[in-house]
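Here is the structure we will look at, set down as structure tokens.
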Amino acid sequence: MTADVNRYHIGLRREGLGKRGGTGGRGRLFASEIMAVFSIVDELRTYGPAGTSVVAAPPPSLAAAENYCRRLATTHYENFAVASRLLPRTLRRHFYNVYAYCRWSDDLADETGDRERSLELLDWWEAELRACYAGEVRHPVFVALRGTIAEFDIPPAPFLDLLAAFRQDQTVRRYADYDALLGYCRNSADPVGRLVLYLARRHRPELLRYSDAICTGLQLANFWQDVRRDYAVGRVYLPQDDLRRFGVDEAELGAAQASRALRDLLAFEVDRAERLLRSGLPLVAAMPRGLAGDIWLFAQGGLRILAKIRAQDFDVLAHRPKVTKWDQLRLLVGCLWRNKFGGEPNS
């Protein structure tokens, strides 16, 4: 899902948060809440279309809304602590604001347990986004995001493209061919990178290709990592024509161990994803120093997932490949080395 790619740029898990005072009554409420586990069902009771803090109360202050986005971002994925500390301080709150939008969007699509309800909520969320661009904000995410949009002159397109992908998730469970899958990634993954380019003030045509390649490559790496999990919930991202080409029956995706045919298919798909990721790496040199490390870090994380898949002979059914804490530490050391000296630690 798109959340996996949102983790690429906008961060990843758990940072200790202090209280922020001086924001008035609603600000104190926001600051005192502990969002150890974000539940969209619970959040909707307060901040949904009929939520108590959206309908019956004035919008929160900017400080309270930004605090909400910060806690949502930094308590949801443990790797965010690393990602956010690598970011320039002046950009952190803007990344948190964009992440909060992505997090809400993704969970509205994927966590309600009701397809029709999800579609209704995505329509409501789009209406809130459009109201934000019209200068009317109620929800804390949009109270915070409005300033980010204005400061970096972000158009609505990347935010709307993400919603298009989330709507597609409700109705499309198979992809006929690779081009169809890439079409999905153009909405589900690439807009996240484009938002980061706006925050970096690097939204230039010549850099879009690199950003899109990294984002799509990461999305594909997540798909090939989670073949069995996705199949269990009725989703198959392996293109249907590739399944036929390699002689893989879809039912094999739920097996306890991958067949040789499925391993051959995944070897083919992993090569595709790696080529995309590597083709996007020139973006790192084009980014401001404070963001280059983050982009390198997450691109390398995607490459590491692909390397893990290779190392287990492409059997992602018997064991889900994942980046370990040790892998993360090594990547972080490499990132810090690059930031200080340039090049790789072993170069």
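Key figures
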{"quantity": "Per-peptide average of other Cβ atoms within 10 Å, ordering 214-225, 89-100 highest first", "calculated": "214-225, 89-100"}
{"quantity": "Compactness of the range 173-347 as Cα Rg over 2.2 N^0.38 Å, two decimals", "calculated": "1.08"}
{"quantity": "Whole-Hz ³J(HN,Hα) from phi, Karplus 6.51 cos²θ - 1.76 cosθ + 1.60, for the range 226-235, glycine and proline x", "calculated": "10, 3, 5, 4, 5, 4, 5, 9, x, 10"}
{"quantity": "Inter-label distance, nm, simple model (7 Å from Cα along the C-beta direction), Ala318/Asp123", "calculated": "4.9 nm"}
{"quantity": "Cβ crowding within 10 Å averaged over residues, with 60-72, 121-133 ranked highest first", "calculated": "60-72, 121-133"}
{"quantity": "Unit charges at the beta carbon, dipole of the range 219-316: most positive-side option, Leu276, Val248, Gln300", "calculated": "Gln300"}
{"quantity": "Highest to lowest packing among 237-243, 104-110, scored as the average C-beta count within 10 Å", "calculated": "104-110, 237-243"}
{"quantity": "At R0 = 22 Å, FRET efficiency that the Cβ-Cβ distance of Val172 and Ala255 yields, to 0.05", "calculated": "0.35"}
{"quantity": "Dipole magnitude of the range 153-292, debye to nearest 20 (Cβ charges: Lys/Arg +1, Asp/Glu -1, about Cα centre)", "calculated": "420 debye"}
{"quantity": "Dipole moment magnitude, nearest 20 debye, the range 142-216 about Cα centre, only Lys, Arg, Asp, Glu C-beta charged", "calculated": "100 debye"}
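Each reported figure results from applying straightforward, stated rules to the coordinates on display, with no laboratory input. Because the structure is a prediction, the values reported are computed rather than measured. Don't worry about glycine lacking a Cβ; one is built from the backbone with ideal geometry, like all the others, and counts go over all protein chains shown.
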